[in-house]
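The next block holds one structure in the form of structure tokens; read it before the comments.
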Amino acid sequence: MNVCIVGEGLTALSLAKSLINKKINVHYYHKSRNSNFSSNRTIGISKSNFEFFKEKIFQVSKNNYWKINRIEIYTDKINKENLLKFENNKKDLFYIIKNDELLKSLKSNLIKSKFFKKIILKKDINEDFLNKKEYDLIINCDANNFLAKKYFTKKIIKNYYNLAYTTILRHKKIENNIATQIFTKQGPIAFLPISNTETSVVYSIDIKNKKFDNIDVIDLINKNNPKYKINKIDKLNSFELSSSNLRNYYNKNILAFGDMLHRVHPLAGQGFNMTIRDLRILIKIIEDKIELGMQLDSQILDEFEKKTKDKNFVFSKAIDLIYEFFNFDKKVQSKSFSKILKGIGKNKRLNSYFIKLADTGMNF
């Protein structure tokens, strides 16, 4: 079987690695020779997804991830009093990984495989490429190329009018295994530990009515700093936030994948986790076909869409509902919503349910 993967980044490389692990030939098409990925971007991977990633995709080095065993959620409406707390008997809840380090490790590993071929695109893919019929499956992870614009334009889109600012705090050494999220008047800010002296920050700021420059953002980070004695704040990076859900996952033998299928607000840290869950299902379908000696063709894509599309849509809308809940709460003067959530947080059964939902999505 020959598979073409188009795009670049963590999703495309993880997909390529999972396929060559099954001895499937992969041609990896990307645009630039040296992609400039931000060094201060991090991803959170849930416990079950991380175990799958290590077993079925790539064995992440212990030096490249950091364990989180507790999540604390606050709102500045009740003077930063703890609103919700998630922990599982001190067991790991999820793991924080630096994007660029995992990308470099994956690239280094992939180029050693005889099943992997990297091809730099000098121009966009076009009809001539498709007419070659060289590949059994084409998987597109690039939302801005010819394939996306021709076959995958029908989607439900929502603009949050938010900018997500990311950076890394360099601070004095502390025991640093608790992730903190604060719902501020400007938007949610997350402090995600990546070592005892470093913490990643993701701040989603509402820009609909007011613009913020980098100095403003740094001031807000310092204002909402939960506990760190900061030595340095790295350069800020920013990107616009929107959500989207694709209506059709495939066309003939072309599959859309990753953020093309679903893009969600980062407040719950579920973007890449949703992609890993999709990958788990896709790989299981392929494994079953291989075991039965069946042809690997576009029927795989139809089965994949049926097993993932509805769950992804519902899960995406649930994340959007969380955003809208806190977005509404910050606009009103009453503290009643915050107090209701605080009461929910004390319910052990609900607490356990939310932990499982964040860990496995809708697959438990």
- Query: Highest GNM mean-square fluctuation, the chain, Cα pairs closer than 10 Å: which of Ala179, Ala190, Ala148?
  - Reply: Ala148
- Rounded accessible area per residue of the chain, 1.4 Å, Å²: 51
- Taking the range 136-237, which trypsin sites (Lys or Arg not before Pro) meet the DSSP loop condition and have no more than 10 other C-beta atoms within 10 Å? Lys154, Lys172, Lys173, Lys208, Lys210, Lys211, Lys229
- Message: Distance cut-off 19 Å, Cα to Cα: go down the list Lys149/Lys252; Lys118/Lys252; Lys67/Lys173; Lys155/Lys210; Lys47/Lys172 and report the pairs above it.
- Response: Lys118/Lys252; Lys155/Lys210; Lys47/Lys172
- Quick one: of Lys229/Lys356; Lys158/Lys356; Lys104/Lys235; Lys62/Lys317, which pairs are farther than 23 Å apart, Cα to Cα? Lys229/Lys356; Lys158/Lys356; Lys62/Lys317
- Query: Where the accessible area of the range 119-272 is counted over protein heavy atoms with a 1.4 Å probe, how much of it, in %, is carbon and sulfur?
  - Reply: 47
- Is the shape of the range 112-175 best called rounded, prolate or oblate, per the rule: a/c under 1.5 gives rounded, else a/b larger than b/c gives prolate, else oblate, with a ≥ b ≥ c the square roots of the Cα gyration tensor eigenvalues? oblate
- Message: Taking the 0 to 90 degree range and rounding to the nearest ten, how far is the long axis of helix 299-329 tilted relative to the main principal axis of the chain, both from C-alpha atoms?
- Response: 20
- Task: Would you work out the charge dipole size for the range 281-333 about its Cα centre, treating the Cβ of every Lys and Arg as +1 and the Cβ of every Asp and Glu as -1, and quote it to the nearest 20 debye?
- Result: 320
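The values are calculated or read from the model by the stated rules, or taken from the named source; none is laboratory data. In this text the structure is predicted, and so the values were computed from the model without any measurement. Cβ: placed from backbone, ideal geometry, glycine included. Neighbour counts: every protein chain shown. Remember, those area values only see protein heavy atoms, side chains included, never the ligands or the DNA or RNA. Shrake-Rupley method; radii C 1.70, N 1.55, O 1.52, S 1.80 Å.
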